[in-house]
Amino acid sequence: LPAIQRKQLLEGNWDISEGAAFAEFETETHVIPPFELPGWWERVKAVDYGYAAESCCLWAAIDPEDKTIIIYRELYKKGLTGEALGDTITEMEMEEIKSIAGVLDTAAWSRTGYTGPTIGEILVNKGHKLRRADKNRLAGKTQIHEYLRKNNNTGRPRLQIFNTCVNLIKEIQALPLSKSNPEDVDTHAADHAYDALRYMIMSRPTNIRVAYENTPKHRYQASDATFGY
């Protein structure tokens, strides 16, 4: 039988649906219970912004032994302005040892039709170390497949997710392939957490802090002190 039907009928695993983009995703392998992460492990984050749709921020720690990315926290909420998103991320990072660098959807840096601060500038001005994400969809999807693949020697994949990150898990299980382009996912399906994951993996996490530090910073400043624009 095809892989998905075999999982459903033989293994009783109905988490993966027919036409799923990531049929290799297995709860018993890729989803793990939370554990205390060593404070010295490198941390990264990735943000996909939305207002009418959900904004998603994912936090990950990198296991230095085999470079496995462990997603340990998620923010998944709609109706957040740039200011509110920045404040929420700050609150969720209160217990972190140091500020976490990351990547943000390039659309959040776009300045179209107005001269005020972009979402990216707002987040940076609130102290978040963010740079523009690599949005190559097909390369990103391929990389996620690569990170989901098990190491033949250890049986461990390069991507694992805490079971508390329910929205990311749900999206990876449910995302269907695009009917017009089988190399991509269906962009009409809920994919905000998936996009954040794709940005994170495409950012090459082990070098993300260095990349941020070498990226020119553009601070928004109001040209009119009275009216604020």
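Filter region 130-165 down to residues that are more than 13 Å from the chain's Cα centre (by Cα), part of a helix (DSSP H, G or I) and among the hydrophobic types (A, V, I, L, M, F, W, C) and give me whichever is surrounded by the fewest Cβ atoms within 10 Å (Cβ to Cβ).
Out of the qualifying residues, it is L138.
Go over the candidates G120, G127, G116 one by one and state the one that is in a helix (DSSP H, G or I) and either open to solvent by less than 30 Å² (accessible area, probe 1.4 Å) or touching a residue at least 12 places away in the same chain (Cβ under 8 Å) (or both).
Residue meeting the stated conditions: G120.
What are the residues in region 42-54 that are in a loop (DSSP other than H, G, I, E, B) and either touching a residue at least 40 places away in the same chain (Cβ under 8 Å) or in contact with an Asp or Glu (Cβ under 7 Å, 6 or more places away or on another chain) (or both), if any?
Y49, G50, A53
Which residues, counting only those in region 55-80, are in contact (Cβ under 8 Å) with a residue 12 or more places away in the chain and charged (D, E, K, R)?
Selection gives D63, D66, K67, R73, E74, K77, K78.
Modelled with pLDDT under 85 and either open to solvent by less than 50 Å² (accessible area, probe 1.4 Å) or assigned to a helix (DSSP H, G or I) (or both): does that describe T215?
So T215 fits the description; yes.
Taking region 99-113 as the search range and keeping residues that are assigned to a loop (DSSP other than H, G, I, E, B) and touching a residue at least 12 places away in the same chain (Cβ under 8 Å), which one is nearest to the chain's Cα centre (by Cα)?
Only one residue tops the list, namely D105.
Looking at T68, T88, T164, which one is touching a Leu at 6+ places or on another chain (Cβ under 8 Å), among the polar types (S, T, N, Q) and within 21 Å of P34 (Cα to Cα)?
Going through T68, T88, T164 in turn, just one is touching a Leu at 6+ places or on another chain (Cβ under 8 Å), among the polar types (S, T, N, Q) and within 21 Å of P34 (Cα to Cα): T68.
Please go through region 172-181 and give me each residue that is touching a strand residue (DSSP E or B) at 6+ places or on another chain (Cβ under 9 Å) and either open to solvent by 30 Å² or more (accessible area, probe 1.4 Å) or not hydroxyl-bearing (S, T, Y) (or both), ordered by number.
Once the filter is applied, which keeps residues that are touching a strand residue (DSSP E or B) at 6+ places or on another chain (Cβ under 9 Å) and either open to solvent by 30 Å² or more (accessible area, probe 1.4 Å) or not hydroxyl-bearing (S, T, Y) (or both), region 172-181 yields I172, Q173, A174, L175, P176, L177.
Sort out which residues of region 184-210 are hydrophobic (A, V, I, L, M, F, W, C), open to solvent by 20 Å² or more (accessible area, probe 1.4 Å) and modelled with pLDDT under 85, and write them in order of number.
V210
Could you please give the count of residues in region 162-195 that are of a type outside the set (F, W, Y) and in contact with a Phe, Trp or Tyr (Cβ under 9 Å, 6 or more places away or on another chain)?
Residues flagged as of a type outside the set (F, W, Y) and in contact with a Phe, Trp or Tyr (Cβ under 9 Å, 6 or more places away or on another chain) within region 162-195 amount to 13.
If you take the residues of region 25-47 that are under 17 Å from the mean Cα position of the chain (by Cα) and open to solvent by 10 Å² or more (accessible area, probe 1.4 Å), which of them is farthest from E93 (Cα to Cα)?
V31
Could you say which residue among I4, I62, I16 is closer than 20 Å to G140 by Cα and either at pLDDT 95 or above or open to solvent by less than 30 Å² (accessible area, probe 1.4 Å) (or both)?
Going through I4, I62, I16 in turn, just one is closer than 20 Å to G140 by Cα and either at pLDDT 95 or above or open to solvent by less than 30 Å² (accessible area, probe 1.4 Å) (or both): I62.
The values are calculated or read from the model by the stated rules, or taken from the named source; none is laboratory data. Nothing here was measured: the structure is a model prediction, and the numbers come from that model. Glycine gets a Cβ as well: all are built from the backbone with ideal geometry, and neighbour counts include every protein chain shown. In case anyone asks, the SASA skips ligands and DNA or RNA and just uses the protein heavy atoms, side chains included. Shrake-Rupley method; radii C 1.70, N 1.55, O 1.52, S 1.80 Å.
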